[in-house]
Structures are given as structure tokens and as C-alpha cells.
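See structure below.
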Amino acid sequence: MMTSGVVSTGQRFAALVSIAMFALPAAHAEFTLQELPGGVVVHEDGRPVLVYNTDFTTPPEGVDPKYRRSSYIHPLYNADGEVVTED
């Protein structure tokens, strides 16, 4: 029986990451999720892979407030641990 309820963006993201981690062939890596205020950090073998931001960010001064955003990935790290996205 399904129950209705509200699921946060962070909970949806965590569920999707969890499904992906178990659906992929075993790569001998340990993935963990760390909840933060305003987001979720995905770690692979203790190293950060990405941060999924769930809180709204305010656009810079002079930019129309309609451009606020949430539910985005930043930073995203490459295999060497360097940030490959800009915010």
C-alpha cells in the first residue's frame, strides 16, 4: 500500500544515487552520502565526487530574482579531485 507524502529534492536525489550505486557493476569503490544543510555530498572512497545543492541560491546583485536556482550539482570533481564546474 502506498502512502502519500512529501519527498524533498534531497531525498529524491539520495534515492537516485543509491539506486545507481547498486545497479552498476561492482567497481570495488565505497560510495557514501553526507547530508549538509542545503545539499548532499557524494563521496567515493572518502573523496568528494559532487555536491547536489537543494537550497535556493540568490542571484548576484543587479540580476533579476527570477533567476534564483536550486537542485543543481556544484562542485563536480574529476578523477584528480579538481573542480570542473563553475557556480
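Coordinate-derived values only; no laboratory data. Since we're looking at a predicted model, the values are computed, not measured. Glycine gets a Cβ as well: all are built from the backbone with ideal geometry, and neighbour counts include every protein chain shown.
How would you rank Phe31, Phe56, Phe13, going from fewest to most other Cβ atoms within 10 Å of each one's own Cβ?
On the way: Phe31 16, Phe56 11, Phe13 19.
Arranged by neighbour count, lowest to highest, Phe31, Phe56, Phe13 become Phe56, Phe31, Phe13.
How do Glu82, Glu44, Glu35, Glu61 line up, fewest other C-beta atoms within 10 Å first? It would help to have the intermediate numbers written out before the result.
On the way: Glu82 9, Glu44 16, Glu35 12, Glu61 5.
Lowest count first: Glu61, Glu82, Glu35, Glu44.
Just rank His28, His74, fewest to most, by other beta-carbon atoms within 10 angstrom. Please list the in-between numbers first.
Numbers: His28 5, His74 15.
Fewest to most other Cβ atoms nearby, the residues stand as His28, His74.
Decide, for the range 27-87, between rounded, prolate and oblate: order the square roots of the alpha carbon gyration tensor eigenvalues as a ≥ b ≥ c, take rounded if a/c falls under 1.5, and otherwise choose prolate if a/b is larger than b/c, else oblate. List each step's numbers first, then the result.
Working: a/c = 4.01, a/b = 2.08, b/c = 1.92.
Prolate is the answer for the range 27-87, as a/c is 1.5 or above and a/b outweighs b/c.
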